[in-house]
Structures are given as C-alpha cells and as structure tokens.
Amino acid sequence: MHAVVPKVEPPREGVQNLSAVREQAGRAWQVAVGSPGRHAMPYAEMVADGASDDGDVFTEVLLDDGLVVAVAWIHAEERRPFAVVGGLTRDDADFVRACTDKWRRRYWSMALVAEAEGALRQRLLEAGFTEAATVRSYYWRPAGTCEPSRPAQFLDWLHDDEPLWDRLSADFDFTPSTAYRPAITEPSPSRVWNQHSRLARGTGQAP
C-alpha cells in the first residue's frame, strides 16, 4: 500500500489583500485597532460605518509566516475624484511602497490623498506622494459628553464578530434552515408576532 501524503502549502508571506486571506480578518482587526498611530480614518470607525472589501474599502496586510503583522487601508467614494488613505500601522519603506503601488493600480484614474507626520510622511513622499498642505493643530470640542460607544454596530467579515455569533448560537440555539421552523429556541419570557398576518391586515387581505 502506498500512503498519500497531502500537499502542505507554505505560509503566505508579504503584502496581500485581506480578501485573499479572510481567515486573518480577526487578526487584522487586532493589529489595526491596537495600532498607536493617529489615522485619517481609524480602522474601527471605518468598519463600524459599514465599509468592507465588498464595497469601497480595500485593506492590505503584511504577512509574516502566515500571520498579519501590519495593516493598511484605503477608502474611496462614488462621485469623488480621489481615494483617501485611511491608515497604515507600519511606516517602513517596503510596506508603504508595496501598498501605495497596489492602490495606484486599483485607483488608476483617481488621486490618492493621505494625512501623515513623522516617518510615515517621509515614506509617503519617497513613494511618490507630493505634499499639498500642512496642518499644525485642530481641536473640535462639541458641547456635551460624547457617547462611549455606538448604539448600533454594522457587522461584516472585517469585524471580529465571532463572539457575538457565539453568544447568539448559545442563547437562542440558532440553527438557520429552510427545511423546518423555528430556527431558534425562544427564550423565556418572549413574544412572537405573526408578520404575515399583520401585513395582510394592513393591506385588507385575509391572512
């Protein structure tokens, strides 16, 4: 008998688009949110606003032995002739140039705009950016106290949402299916509304 040995792919290395290594989304979240740098568009805010690689944000990650060690993200909106570099968690020249080169190919018809200081500013200039203006300081002090957290959170695969799904599965025995109902175990106390009946009454049709 001959044993069949499965082929083991070596860990990925270098700069990759996060959509190609989606299993690293949670790790990318930790690296990006834990970055001490000041970013034009903080990663957590970007994800909370509902942005993802399925839309107008593209995220690049640097892999070392298959694990994310640095993250960079860029944001573009329709009807705007430019894309905004949201942030980079590392300022070494190779990482900055690899990301900006990929973004230029992606947004070949648009200008790239970035905010940076210190070493990152210098790396962007070396990568082909031109300084357009400088800002010394800006402080916004709205009246009242800001809420410590958002009242709602948009969920997509860029966010480390597994703990929330685990809680849903545990509390409601969530087993979605098209073959049987219900898909959850109702907690006690709880109430259930027949939406079909409510909609039918609203249109004058019999439920």
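Please treat every number below as a calculation from the coordinates, not as lab data. Since we're looking at a predicted model, the values are computed, not measured.
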Alpha-carbon centroid distance for the pair the range 98-127 / the range 20-46, whole angstrom: 18 Å
Placed amide H near residue 112: partners under 5 Å, 5+ positions off or other chain: 83
Quotient of C-alpha Rg and 2.2 N^0.38 Å, computed over the range 14-126: 0.97
